[in-house]
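Just so you know, all these numbers are worked out from the coordinates, no wet-lab data involved. None of the values given here were measured: they were computed from a predicted structure. Cβ sites come from the backbone with ideal geometry, for glycine too, and all protein chains shown count toward neighbours.
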Amino acid sequence: MPPAETTFLEAIRQALQRLLREHADVVMFGQDIGAFGGAFKVTAGLQKEFGADRVFDTPISESAILGAALGMATMGLRPVVEMQFSDFATTALHQLLNNAGTLHYRTGVAAPLVVRAPCGGGFAGGPFHSEDLEAFFCHMPGIKVVYPSFPADARALLMASALDPNPVVFLENKYLYRHVKEWLPTAWAPSALGAARVCRPGSDAVVLTYGAMVHEAIRAAELVHAEDGGEVMVLDLRTLKPLDTDSILAAVAATNRVLIVHEGWHTGGFGAEIAALVAERAFHLLDAPIWRLTAPDCPVPFSPELEKAYRPNAEKIRDALLELLEH
Amino acid sequence: MNPQKDISKDAALALLRGMLLARRIEERLIRLYHQGSIFGGVYCGFGQEAIGTATTAVSTADDLFAPCIRDMTVHLGRGTTPRDIFRQFLGRAQGPTRGRDGNIHYGELHRGVFAFISHLGAMLPVITGGVMARRRLGRPAVGFAYIGDGGTSTGDFHEAINFAAVFDVPVIFVVENNQFAYSTPNVHQFRCTSLVDRAAGYGIEGIAADGNDVLGLAAQVGALVADIRVKPRAVLLVCETMRMRGHGEHDDGSYVPRELLAAWAKRCPIVVAREKMLAAKLATAAELDALDVAVQAEVGEAYQQALSDPLPNPATLMEGVYATG
């Protein structure tokens, strides 16, 4: 019987399991991740397999979780901690910004730790369970930010994040957990942080995006193709910091039209950083203005009709692409 | 305690020396600050030298420390050299932070000392995790986490102590109640009668101590840490003391009542230690004076050495943001 397709969630669980199996220095902790298996069941079965001294529950203390992870990392462990929702990491941002992100620069001591943070919306989670905060994390010196969109990438990039000698924020878009499946290779490819991937080729325009929006962009590109035959490239950034600027510039050179899509807020969003990069380095290659399609600058609304208006999706991306291609 | 019976002459002299070393370094830093020869601020531990000195004196190589801004004695007690301290304050390339951070924001982890950051309370979860990890890796560490009276109002103080209590992490949370947080007196900082009362809420022991008696404190914390090594657990140790200067040297501290300072001046930890040692006939006045002279010479030499050390090369600005390999 061929192996079944693997969900995004299961791929992450497999990476965690393999990390615990192969690396005695890996420990995991967070809220409800032990016997309960986590709010989304990403850590299901791990405490049973590896024991409560390697996978354990903590009090509801995000700052203590991140701070303790930093202390552990400096002593030779590799903590992989879970923020139950990335929204809740905001009560502990100072541990990342001021402590974890500055430690190596100030003292030369490395802090290999991973902060797993389920993020994003699309399921009526309301303002405090749907936020997409990658721009906050990317703004911090000394922190790496990984934001996968496919199960195989999530599995490989989580391994790479845990083995990196730096603090890494690993963003898990909750919408992908159970909506996205794929066949996973039996052999685990080694994966380096900082490499984007063309997940749909095209020569008429490129969508620069990451996370759940990659899947919306691929669907939008297919809609555009069906409608007017245009070929739209989709570039999945996969890692936001370090950013694969070479792949972005190559994609711009190959298409000359750029649409940036993300589900985080507009002002100061990560798309602004990408737009600035393209404007600074590839302005001469552009046939049209750089466009951004993002969430608007309002809190994430609860009611599904409002959230649909709030969150970018394939139809909105298609509309933007059709207009961009006309430009 | 009976100093003559409970402590050797050498141990008592080492405690006094530790306090004198910090005091004389800080006196030099104050002069440099007012001459405009120091980059940034200078924050002193005048009056609080007994706490870091006594607690490091009873520690072992495996123990971990998270000092605050007035705890130069912790760094000295763990072996950081006066030359490195001057390099740090003078922003030198070879200092503990290679010019990346200033004044008291340093820590040599190979000596078990975490580098302080300005956000009060932020180091308390870090050292808690550090002790958990070090013990897991086979080194029986006890943690010494220092915080001021003002720092007890932070969320991290609460999160870290509760976290350490839940997991029975052997950390001594040392509150240095120096009566003022910048300009804010205790009465505007907390409503409990004593900060020792906070311990009950975490289900841990709360212990009061005289933070200005280095000999008494070394004996008290020595017994406490010996017990914690046998029965690992978090403990709150509240040391009463007094900040004898302004918050920093930019601050004249004029909001502190003069009579309060005068009363605490009589309890200066260096004066108290001297008097106790003389009364117990552990040393003669001439010996103690000679110790101070030797310390002052050492401090002067360390400063001169650091002064001749190079400043960082601006071309290294981006070095070390990320760890490699």
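The Kirkwood radius of chain B, taken over pairs of alpha-carbon atoms, gives through the Stokes-Einstein law at 25 °C and 0.890 mPa s a diffusion coefficient of 122 µm² s⁻¹.
Taking every DSSP helix (H) stretch of at least 4 residues in chain B, weighting each as -39,500 (n - 2.57) and dividing the sum by the residue count yields a mean residue ellipticity at 222 nm of -14000 deg cm²/dmol.
Its residues counted as N, the protein assembly as shown yields a C-alpha radius of gyration over 2.2 N^0.38 Å of 1.10.
Note on chain B: with a GNM built from Cα contacts shorter than 10 Å, the maximum mean-square fluctuation among B:Phe39, B:Phe86, B:Phe180 falls on B:Phe39. Just to verify a number: FRET efficiency for B:Val293 and B:Ala315, C-beta to C-beta distance, R0 = 30 Å, to 0.05? Efficiency, rounded to the nearest 0.05: 0.10.
The average projected area of segment B:82-239, computed from the convex hull of its Cα atoms over all directions, is 10.2 nm². Summarising the amide proton neighbourhood of A:Phe56: residues at separation of 5 or more, or on other chains, whose placed amide H is nearer than 5 Å comprise A:Met28, A:Phe29, A:Gly30. Calculate, for A:His139 and A:Ala250, the FRET efficiency according to 1/(1 + (r/R0)^6) with r their C-beta to C-beta distance and R0 25 Å; round to the nearest 0.05. Using R0 = 25 Å, I get an efficiency of 0.45.
Evaluating 6.51 cos²θ - 1.76 cosθ + 1.60 at θ = phi - 60° for every residue in segment B:189-196, the Karplus couplings come out as 10, 8, 9, 6, 5, 9, 5, 4 Hz, glycine and proline recorded as x.
May I ask you to give the average projected area over all directions of the convex hull of the Cα atoms of chain A, in nm² rounded to one decimal? Don't skip to the end; give the middle numbers.
On the way: hull surface 68.1 nm².
Average of the hull's projected areas for chain A equals 17.0 nm².
Over 22 Å between Cα atoms: which of A:Lys174/A:Lys308; A:Lys144/A:Lys316; A:Lys174/A:Lys241; A:Lys41/A:Lys241 fall into that group? Intermediate values should be presented prior to the final figure.
Working: A:Lys174/A:Lys308 16 Å; A:Lys144/A:Lys316 30 Å; A:Lys174/A:Lys241 20 Å; A:Lys41/A:Lys241 27 Å.
With Cα atoms farther than 22 Å apart: A:Lys144/A:Lys316; A:Lys41/A:Lys241.
Normalising the average separation of contacting C-alpha pairs (under 8 angstrom, six or more residues apart) by the number of residues puts the relative contact order of segment B:3-306 at 24 percent.
Taken as entire DSSP H runs, the helices of chain B that both span 27 Å or more between Cα atoms along their own long axis and average -1.0 or more on the Kyte-Doolittle scale are B:9-35, B:285-308. Sorted from greatest to least, the principal axis extents spanned by the alpha carbons of segment A:197-326 come out as 42, 34, 23 Å.
Residue-wise HN-Hα couplings along segment A:308-322, as the Karplus relation 6.51 cos²θ - 1.76 cosθ + 1.60 with θ = phi - 60° gives them from phi, are 4, 5, 7, 8, x, 8, 4, 5, 5, 5, 4, 4, 5, 5, 4 Hz; Gly and Pro carry x.
With contacts defined as alpha carbon pairs under 8 Å and 6 or more residues apart, what's the relative contact order of segment B:1-111 in percent?
Working: 117 pairs, mean separation 25.6, N = 111.
It comes to 23 percent, rounded to a whole number.
Taking other C-beta atoms within 10 angstrom as a stand-in for reagent exposure, A:Asp164, A:Asp236 fall in the order A:Asp164, A:Asp236, fewest first.
With a Cα cut-off of under 30 Å and a minimum spacing of 8 residues unless on different chains, the lysine pairs in chain B number 9.
For segment A:197-326, the relative contact order works out to 29 percent when only alpha carbon pairs closer than 8 Å and six or more residues apart are counted.
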